[in-house]
Amino acid sequence: MTAGHLPGGEEATGTMTNPMFVFDEKMAELVLGYCRDRLALDPVPLDFGGYATPFRDVLDGLIGPEGNDPAHVLDLFSERLATGVISSDSPRFVSFIPAAPTKASLLFDMVVSCSSLHATSWLEAAGAVSAENQALRVLADLAGLPAGAGGCFVAGGSAANLSALMVARDTASHRGHGAARPKVACSEEAHSSVGKALRVLGIEEYVVPSVDHRLTGEALEAALAADPEGAADVVAVVATAGTTNAGIVDDLKGVAEVARRRKLWFHVDGAYGGGALFASSVRPLFDGIEQADSLVIDPHKWLFAPYDCAALLYRQPALAKAVHTQDAAYLDIIHESIPGSDDVPSDDSGGAEEPWNPSDYAYHLSRRARGLPLWFSLAVYGTNAYREAVETVLDTARAAAAAVEAAPHLELVRQPTLSIVLFRRQGWARADYDAWSARALADQIAFVTPTAWEDEPAARLALLNPETTIDVVHEILDTMA
Ligand SMILES: *Cc1c(COP(=O)(O)O)cnc(C)c1O
């Protein structure tokens, strides 16, 4: 290489640098200005999603051989396309599972993006991996997992469930199971992604009848004892720590005991509810979670991180590593001759010892350092701020339930366990709920969608944003009068 530097700093390559890779001050100001304005919105407007008009007129012909003025494209986005996305971080978003990313996590997400920050292997990204592992450790401590626990961040609870259940399946023989057709026990309240993961893995669902919508140790044991032949194929059990529809926490302690006795892998899906581990007011509901072989918590749900961020933890990470490590000639180097690896104790017992390759612990390889926005936010605000935010949401859920009970035309389906409130409007059929939901969005009062409970339609408030005040709840309830 003899190419020297020209006075202007351009490489003497004989060609102009492709403009795609040249810093453009004006475009940077434009986009960063947009980000600044979006971060400062208070409150965030709800907007419209699929209820908005189609966007053909915006997009037709936009992408062609020649580019466009970035100001024009950004304008199309901010004025048109963005209004067709319901803001999941609006305090008026109470459908499905909302998002409520902290300001620090959103800002640091921009850092992760700007730096194209990856965290696939220790060799490439020890700094990012160390910080991600520190955030994972906070979650492991909340759950009471042992010092050796560890894992990685994946894109979502669905990917995490799939990755964990793959380990449950592939380690079954270690636990003395010889099942040719393995089954995994769960209740009918398990998240849809669990059933989907089991289909991918060729595992049959072994459905245990729930008791008042909870999977209990007693019911699990009764089902297995009554069916010795079927039970022989069961290699794992999935318990849910906060069902998505109703926020119910399974009998983790009872299920854990049965799992230990029967040598079943104990997987806990706390994708939504796991954030409530921060709240002392509900922490006893989670007793038994410390015995999980694998645990999923979505920080992009109730731990106030931006999408997409799901934490996947294993009690014995070495088991997961044996299942998920990818073998390829070009990858060998990330597993051998890692600087410092000689000093590291062998981790046969599992253990988040460094060096650590996040790619070894889930069904993925290249990955964004998606745990860092959470890490930065935890470091900046401290865990007490998280505790307080989660308790605020729980208080609002209790107040919302009381408001429903006080309204003559409404009927509470059940007291909320966590932060999901199910209730009914007297005399309403599904079509009435659908029309009400569409109206509430059209009026920008709330994005609130109906669900079903015991085969009857019901209204559902998924509270998760500490800024969703009881006043917003009252506004919503008033639309049902
Ligand atoms: C949301 C959720 C999932 C799926 O998580 P994604 O991040 O949406 O993939 C799995 N389990 C439970 C209990 C959930 O609430």
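Quick check on region 145-157: of everything there that is surrounded by 20 or more Cβ atoms within 10 Å (Cβ to Cβ) and under 16 Å from THR120 (Cα atoms), which residue is nearest to the ligand (Cβ to nearest atom)? Step through it out loud before you land on a result.
First, the residues of region 145-157 that are surrounded by 20 or more Cβ atoms within 10 Å (Cβ to Cβ): 145, 149-154, 157.
Those still in the list that are under 16 Å from THR120 (Cα atoms) too: 150-154.
Details: GLY150: 20, GLY151: 15, CYS152: 14, PHE153: 11, VAL154: 9 Å.
Residue satisfying both the conditions and the ranking: VAL154.
Looking across region 455-471, the residues that are buried (at least 24 other Cβ atoms within 10 Å of the Cβ) and closer than 22 Å to LEU277 by Cα come down to LEU461, ALA462, LEU463, LEU464, ASN465, THR468. Criterion applied to PHE153, PHE77 was being modelled with pLDDT of 95 or more, in contact with a Cys (Cβ under 7 Å, 6 or more places away or on another chain) and either more than 30 Å from VAL393 (Cβ to Cβ) or not in a helix (DSSP H, G or I) (or both), and the one residue passing it is PHE153. Criterion applied to ALA459, ALA389, ALA438, ALA400 was being part of a strand (DSSP E or B), at pLDDT 95 or above and hydrophobic (A, V, I, L, M, F, W, C), and the one residue passing it is ALA459.
A single entry from GLY427, GLY382 fulfils the requirement of being without any contact (Cβ under 8 Å) to a residue 24 or more places away in the chain and closer than 30 Å to LEU313 by Cα: GLY382. If the condition is being open to solvent by 10 Å² or more (accessible area, probe 1.4 Å), within 16 Å of the ligand (Cβ to nearest atom) and not aliphatic (A, V, I, L, M), then region 158-183 contributes only SER158. Identify the single condition in (1) open to solvent by 30 Å² or more (accessible area, probe 1.4 Å); (2) within 27 Å of VAL390 (Cα to Cα) that THR102 does not satisfy, given that it satisfies every other one. That leaves (1) as the condition not met.
For region 377-397, the candidate set comprises residues that are of a type in the set (D, E, K, R), over 12 Å from THR469 (Cα atoms) and in contact with a Ser or Thr (Cβ under 9 Å, 6 or more places away or on another chain); within that set, the residue that is surrounded by the most Cβ atoms within 10 Å (Cβ to Cβ) is GLU391.
Out of ALA104, ALA126, report the one residue that is more than 23 Å from the chain's Cα centre (by Cα) and not in a loop (DSSP other than H, G, I, E, B). Reasoning before the result, please.
Numbers: ALA104 fails: more than 23 Å from the chain's Cα centre (by Cα).
Going through ALA104, ALA126 in turn, the sole match is ALA126.
Could you please give the count of residues in region 184-194 that are open to solvent by 30 Å² or more (accessible area, probe 1.4 Å) and more than 10 Å from the ligand (Cβ to nearest atom)? Of the residues in that region, 1 qualify. If you go through region 135-144 and pick out every residue that is in a helix (DSSP H, G or I) and open to solvent by 10 Å² or more (accessible area, probe 1.4 Å), you end up with 4. Please find, within region 429-448, the residue that is nearest to GLN415 (Cα to Cα) out of those that are open to solvent by less than 20 Å² (accessible area, probe 1.4 Å) and in contact with a strand residue (DSSP E or B) (Cβ under 7 Å, 6 or more places away or on another chain). For region 429-448, the residue satisfying everything is VAL448.
Assess whether ARG137 counts as being away from the ligand (no atom under 16 Å from the Cβ), modelled with pLDDT under 95 and more than 24 Å from THR243 (Cβ to Cβ). Considered against the rule, which asks whether it is away from the ligand (no atom under 16 Å from the Cβ), modelled with pLDDT under 95 and more than 24 Å from THR243 (Cβ to Cβ), ARG137 comes out as no. Whether a residue is more than 24 Å from PRO373 (Cα to Cα), open to solvent by less than 50 Å² (accessible area, probe 1.4 Å) and part of a loop (DSSP other than H, G, I, E, B) was assessed, and ASP47 passes this test. Take ASP109 and tell me if it is surrounded by 13 or more Cβ atoms within 10 Å (Cβ to Cβ), in a loop (DSSP other than H, G, I, E, B) and of a type in the set (D, E, K, R). No: the conditions fail for ASP109.
Would you check if GLY33 is in a helix (DSSP H, G or I), free of Cβ contacts under 8 Å to residues at least 24 places away in the same chain and more than 30 Å from PRO355 (Cα to Cα)? Let's see the steps before the verdict.
Values: in a helix (DSSP H, G or I): yes; free of Cβ contacts under 8 Å to residues at least 24 places away in the same chain: yes; more than 30 Å from PRO355 (Cα to Cα): yes.
In short, yes.
Of all residues in region 292-317, those that are farther than 15 Å from VAL138 by Cα and open to solvent by 10 Å² or more (accessible area, probe 1.4 Å) have Cβ atoms under 6 Å from Cβ atoms of residues that are among the aliphatic types (A, V, I, L, M) and more than 9 Å from the ligand (Cβ to nearest atom), 6 or more apart or on another chain, in PRO306/LEU106.
The values are calculated or read from the model by the stated rules, or taken from the named source; none is laboratory data. Computed from a prediction, not measured in an experiment: that's the story for all the values here. Cβ sites come from the backbone with ideal geometry, for glycine too, and all protein chains shown count toward neighbours. These accessible areas exclude ligands, DNA and RNA; they are computed on the full protein's heavy atoms, side chains included. Shrake-Rupley method; radii C 1.70, N 1.55, O 1.52, S 1.80 Å.
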